[in-house]
Amino acid sequence: MSELTDNTAPEAAPEEINASCRWPVLFLFFSAALWLVKAALIGVMGSFKLHMPEFLSDISFLTYGHLQANAWVAFLFGFGGNAGLGLTLWMLSRLRGAPLARPGFVIAGAVLWNVGVTAALVGITLGDQSGVAGLELPVYAGRVLLIGQAFIAFSAILTYFSRRHKQLYPSTWYLMAALIAFPWIVGTAHWLLAATPVRGAAQIPVGHWASTSLLQVWMGCLGLAAVLYFIPKIIGRELFSRQWAAFGFWMLLLLGGWVNLNSGSPLPVWQIKLSQLASGLFIFVVIAVGWNLRQTARGVPLLGSENLTLKFMGFALGAWIVSGLFTFCNVCPEWNSILQFTYANTALRHLFAWGFFAMAMLGGIYYVAPRLLGSSLDWPCGAWMIRVFQMIAAGVVIITLAGVGMAWGHGQALQQTGIDAAALQTKAIMPLRIAFLGEILFMVSSLIFLGSLMCLLFRNCCGDFSPMALWRQIREGNQKEPVETEGSAQ
Amino acid sequence: MNKAPWIFLGVLFTLSLSWWGMVFGPSVQLAAQSADKGDGTAVLHRVGLAKQGEQVYRENGCYYCHTRTATGGEFGYELRLTQLGDDREITDEVLGDSVKEGDDNHRLIDLAFAFKAVAKSRKAVVDASKAVTEAKDEEKAELETAAATAESELASAYTSFETTFADVASGISDQEGKDNLLFAAYGLSGVELKEKSVMTRLGMGEQIVAANKEIADEAVIKLTDGTAKWNARINPESVVRLKDLVRGLKTRAGAQFKLQPVVINWPDVQNGVAARQSVTRDFMHDAHAMPGVMRLGPDLANAGGKPALADANQFYVHLYQPRLISEKSAMPPYRYLFRKVKLNAGEAAPDNALEHADLEEGYAIIPTEKAEALFEFLKSLRTDALPEAPVVDNPQPANDQ
């Protein structure tokens, strides 16, 4: 983990870096926690509608179509954006050994970003979703997000160039790629799907590229940067191979936007074949990253570790590998043709989003947030964080197993002839009904996480002026008063 | 990997490769696509309510539970002979074992060639007669002899036709059956008879009625059974035979034919989801292309071609309260797309109010413009034939999903 520097500037002390990141990054983390709760709550409401279609059906914005779009936008941009950018800034500062540059820009960017996500949710509620599954962002919200990200990226780039190193740690590559990829992807979607939309059918590959790139490249880079940073750091070892890391990095950037196109998409055959080829080659990304980290952490039980951050990162890595293997399976059109119109794709998105990305982000926040408030501080209410880990892990396992296992039955039924329409619908709905359990677990875990983060902030955010310290003072004051009265009476 | 500018440029370059493959390439290719169907018609834009309906479909996120993507399947080719060439011997040689002597198709071909013989002789008579009229006096005698010969050949052709028809129709007692045979052979012959005298003589009546014209237009002889694939690895013999037949009919016999795809194993067609595979031009004029995420509900690629949308009232009732139409439907009711108006005692409901025995009495449920737009949009979704995606023959009964 140690980096070779050319000594042009002295490396800043961790305390100095943490102090420079404190408010902007904590603001992003807290926003992320709030959006995570919203995403999970909306997700549960959406899933509940499949159990009881009549529930609140007179309200237009509470249909499954509205809720599903809102839940994903809240997760992807609300939680993913805030948590990812927060960790990006902190990790970049630490990796470069320099305090965060221009934190005011970050605050401004974070406010704009959250305004953008709020605008997106309001827009979708009013019926402005884009129609692209996985990128339902309304046009105007996309513009605000791009401006907000530009503010934050400005600070990140200044931090990046504020101190020279002879060697860049792989996490830095991933973080830089994520900063570049986001405007590229959202800009492309804005330009070619909204501002000057390409012709009808061409929107299908463009929309697929944009939504898949956001998932595999943007979220993938952010999550893998955290995994590659925290695992070696906590176990105190050097990363096994920079070459493996570099190979995985470039392959991910190249292939990430191409994978997972449905084999039955109404598109020219070469596009489907290109996607199948990319899905097949994706196994090399999985091997490069997985093998590298496996060798780095050889003999260390990540999931069985006492260290909760390591548990989070271990699960995130495992989920990313499993997700990558499912991506690899799409090299086989027979496999994809069975699952393409079932709940499996959504379930695998949950595996990636919650199992990999959310776990990596929460693990990172669990490690970083206390350090931002004090060098020797531990996470208060920390016992609850293991529950967060357990519940998300259980939810991911339930959704993946139900999603892929039961959706397989649905997919096979779609391939049969003469099957009864009602029986087909039952098979289609069943995996979603089981997945509802997982969604509930996500919701509870997100609430606990928010509560736990609030506990951390309220106790430690402002020294003697933190809400908890003030509350103690008020309580102690109240307790003393009657004693004095009693004393005076005596 | 240690120089920031190189990382920056490398990321840009790699992302641009990814962008080029899945964004630029497809956009350029699909932007150049023509709306022309090749038969004088074009893939049309959606207009009016149907266009607005696409926005209703999008804003409600219908694409999460409904796909618009009928998938492909396994099919073979049935070679259908639609018009015979002029030479009987070459035709027989090309067809080989495909048509066996004595079977129905063989007799149909006999009769078709009898039609051709009559038409040819009749034309010779007309030409000879015209030549006689226009000839100078010194040539007339010779031409009159030729005309007489032509007349005699025509008489012979008539006789031959009558004999052939009597032979071909020997087992058929009813007139309808005989007409079917007669007009199918007429259609296959490719000749066009307009003279009432000739048509009457051949038993076709003075004028061809619409039903018989349809028989003539649709007459085909199936030369293969629809299991042959163009590049099959399985059953290569059938492919060789199919290719030989196509080549022979086209280059030697001068016949016309059609290669009709026929379902072998194609669930979306066999289950009545669509009549063919969805293709890019189905989304050509969409403001927002929404191929769909899951099939929690039925695929809508051919929604407009299904009986469910033939009755607007049934669709609106389904949208208003799905379980009134389908008891176990998991679709949520879209009541907010309707207006509920209380009726005074004795007041009749408006014409466009929903009709269903289980709807609440004393109220008129009226579709809003959004509901009407959605209906029109769904009606515009069809899988009619396109050159790149012909409608596939499905000999098996459909089970409408």
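No lab work stands behind these numbers, since they all come straight from the coordinates. All values derive from a computational prediction rather than experimental measurement. Note that we place each Cβ from the backbone using ideal geometry, even for glycine, and neighbour counts take in every protein chain shown.
Remark: spin-label model distance residue B:194-residue B:256 equals 1.7 nm, labels positioned 7 Å along the Cα→Cβ axis.
Among A:78-91, B:244-257, A:422-435, what's the highest-first ranking by average C-beta atoms within 10 angstrom per residue? Don't skip to the answer; put the middle values down first.
Values: A:78-91: 28.1, B:244-257: 17.0, A:422-435: 19.8.
Packing proxy ranking, top to bottom: A:78-91, A:422-435, B:244-257.
Separation of the stretch A:231-281 and the stretch A:428-442, taken as the distance between their Cα centroids, equals 29 angstrom.
Under 4 °C and 1.567 mPa s, how fast does the protein assembly as shown diffuse according to Stokes-Einstein, given a Kirkwood radius computed over C-alpha pairs? Answer in µm²/s, whole number.
Values: Rh = 31.9 Å.
My calculation gives 41 µm²/s for D.
Taking amide H positions as modeled 1.01 Å from N, with prolines and chain starts lacking one, the residues under 5 Å from residue B:68 and 5 or more places away or on another chain are B:292, B:300.
Taking Lys and Arg as +1 and Asp and Glu as -1, the other residues whose beta-carbon sits under 13 Å from that of residue A:341 total +1. When only Cα pairs below 8 angstrom with a gap of at least 6 residues are kept, chain A shows a relative contact order of 16 percent.
Could you work out the relative contact order of chain B? I mean the mean sequence separation of Cα pairs under 8 Å and 6+ apart, divided by the number of residues, in percent.
Dividing the mean separation by the residue count of chain B yields 29 percent.
The charge dipole of the stretch B:248-309, taken about the Cα centre with unit charges on the Cβ atoms of Lys, Arg (+1) and Asp, Glu (-1), comes to about 400 debye, rounded to the nearest 20. About its Cα centre, the dipole of chain B is roughly 2060 debye, where the only charges are +1 on Lys and Arg Cβ and -1 on Asp and Glu Cβ. A Cβ-based charge dipole, computed about the Cα centre of chain A with Lys and Arg at +1 and Asp and Glu at -1, lands at about 900 debye.
Counting other beta carbons within 10 Å of each Cβ, put A:117, B:341, B:191 in order, fewest first. All intermediate terms of the calculation are to be shown ahead of the outcome.
On the way: A:117 27, B:341 13, B:191 18.
With the fewest neighbours first, A:117, B:341, B:191 line up as B:341, B:191, A:117.
Whole Å is fine, so just give me how far the alpha carbon centre of the stretch A:386-407 lies from that of the stretch B:33-107. The two parts, judged by their Cα centres, are 45 Å apart.
Tell me whether the stretch B:199-339 comes out rounded, prolate or oblate; compute the Cα gyration tensor, take square roots of the eigenvalues as a ≥ b ≥ c, and use a/c under 1.5 as the rounded threshold. The partial results should precede the final answer.
On the way: a/c = 3.03, a/b = 1.68, b/c = 1.81.
Taking the square roots of the gyration eigenvalues as a ≥ b ≥ c, the stretch B:199-339 is oblate.
Where both bridge residues fall in the protein assembly as shown, DSSP classifies roughly 95% of the beta bridges as antiparallel. Hey, which lysines would be in cross-link range of residue B:178, C-alpha to C-alpha under 29 Å, not counting anything within fewer than 8 residues on its own chain? Straight-line reach from residue B:178, under 29 Å: B:100, B:116, B:120, B:123, B:194, B:196, B:213, B:222, B:258. So which helices of chain B fit the span-like rule, where a helix is a whole DSSP H run, its Cα atoms reach 20 Å or more along the axis, and its mean Kyte-Doolittle is at least -1.0? TM-like helix candidates: B:4-19, B:104-134, B:137-168, B:175-189, B:236-251. Look at the dipole of chain B built from charges on Cβ: of B:271, B:159, B:19, the Cα furthest out on the positive end belongs to B:19. Couplings for the stretch B:277-282, taken from phi via the Karplus curve 6.51 cos²θ - 1.76 cosθ + 1.60 with θ = phi - 60°, read 6, 6, 9, 4, 5, 5 Hz in order; Gly and Pro are left as x. Ordering of A:307-320, B:82-95 by packing is A:307-320, B:82-95, highest average first (other Cβ atoms within 10 Å, averaged per residue).
Using only the Cα atoms of the stretch A:139-262, build the gyration tensor, take square roots of its eigenvalues as a ≥ b ≥ c, and label the shape rounded, prolate or oblate: rounded if a/c is under 1.5, else prolate if a/b is larger than b/c, else oblate. Please report the intermediate quantities before stating the final value.
Values: a/c = 2.93, a/b = 1.62, b/c = 1.81.
Oblate, since a/c reaches 1.5 and b/c is not below a/b.
Comparing B:294, B:284, B:22 in a Gaussian network model of chain B (Cα springs below 10 Å), the most mobile by mean-square fluctuation is B:22. For residue B:75, nonlocal amide neighbours, meaning residues 5 or more places apart or on other chains whose placed amide H falls under 5 Å from its own, are B:264, B:265.
Determine, for chain A, the count of lysine pairs separated by eight or more sequence positions (or lying on different chains) whose alpha-carbon distance falls under 20 Å.
On the way: A:38/A:49; A:49/A:427; A:166/A:233; A:233/A:311.
Going through chain A pair by pair, I get 4.
Please say if chain B is rounded, prolate or oblate, where rounded means a/c under 1.5 for a ≥ b ≥ c the square roots of the C-alpha gyration tensor eigenvalues, and otherwise the choice is prolate for a/b larger than b/c and oblate otherwise? In terms of gyration-tensor shape, prolate. Under 17 Å of direct C-alpha separation, and excluding same-chain neighbours fewer than eight residues apart, residue B:379 reaches these lysines: B:51, B:306, B:370.
Tell me the trypsin sites (Lys or Arg not before Pro) within the stretch B:256-351 that lie in a loop according to DSSP and have at most 14 other beta-carbon atoms within 10 Å. Mind showing how you got there, number by number?
Details: sites: B:258, B:276, B:281, B:295, B:323, B:328, B:335, B:339, B:340, B:342; in loops: B:276, B:295, B:328.
Those that pass, being in a loop and sparsely packed, are B:328.
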